[in-house]
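The next block holds one structure in the form of structure tokens; read it before the comments.
The values are calculated or read from the model by the stated rules, or taken from the named source; none is laboratory data. These figures come from a predicted structure and were not determined experimentally. Neighbour counts are summed over all protein chains in view; Cβ atoms, including those assigned to glycine, are modelled from backbone coordinates with ideal geometry.
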């Protein structure tokens, strides 16, 4: 269940949905061609039902040569994983890899350690507030600081498939039926934030799609806040 705080103002008027950005983001780099990934995909589904946690499934493309092309794989997803690899000076890319709040990375099937990091980051005070409102094919996103000395950040709009199921016919997972949550279809940069002043960006959206607003420090730094849109 998603935790949404709705602000009510005088005269019974409703503001756009405003959320103190305490959501923790768990990213999973996965592939249908990776035999070690299905348990991590299951774990991601478990975390998706946890209050205050937003999950994102990034399907990479470098296992597609093993006899089965992942229908959700994108080179852009692999590029994002490479960004984390370079930031942490990792020797290689691997799946399943979980990244928690852009601050820690761990094997994606290690549920206990992911939970440890989620608890650790949820205990911290919120760093910013995200206000989102959508009308038709347009969305307004406002970001405000709740702490001082926050780093310059980018604002992204991540389009997701909330639920999907695939019957895998070939490759290392042949014969398995795997269910996924919050599969990333596309990530779009929509604006920048200096970490201090309020900023509002307006962006086009597909009114029939689901999105996650992601505020992340530049150069694959910490995720400062995230919220669902639509």
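Structure above, values below:
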read-out	value
Residue among 54, 114 that is buried (at least 23 other Cβ atoms within 10 Å of the Cβ) and over 28 Å from residue 193 (Cα atoms)	114
Check on residue 155, assigned to a strand (DSSP E or B) and surrounded by fewer than 17 Cβ atoms within 10 Å (Cβ to Cβ)	no
Qualifying residue in segment 78-92 (condition: in contact (Cβ under 8 Å) with a residue 60 or more places away in the chain and in a loop (DSSP other than H, G, I, E, B))	no
Search result, residues across segment 198-230 that are within 12 Å of residue 150 (Cβ to Cβ) and free of Cβ contacts under 8 Å to residues at least 40 places away in the same chain	none
Residue 163 being farther than 17 Å from residue 96 by Cβ and either in a strand (DSSP E or B) or in contact (Cβ under 8 Å) with a residue 40 or more places away in the chain (or both)	yes
Qualifying residues in segment 120-147 (those that are free of Cβ contacts under 8 Å to residues at least 24 places away in the same chain and out of contact with any strand residue (DSSP E or B) (no Cβ under 9 Å at 6 or more places or on another chain)) - the one farthest from residue 34 (Cα to Cα)	135
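Matching residues to (1) out of contact with any helix residue (DSSP H, G or I) (no Cβ under 9 Å at 6 or more places or on another chain); (2) modelled with pLDDT of 95 or more; (3) buried (at least 23 other Cβ atoms within 10 Å of the Cβ); (4) more than 30 Å from residue 129 (Cβ to Cβ):
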{"site": "6", "(1), (2), (3), (4)": "yes, no, no, no"}
{"site": "18", "(1), (2), (3), (4)": "yes, no, no, no"}
{"site": "47", "(1), (2), (3), (4)": "no, yes, no, no"}
{"site": "69", "(1), (2), (3), (4)": "yes, yes, no, yes"}
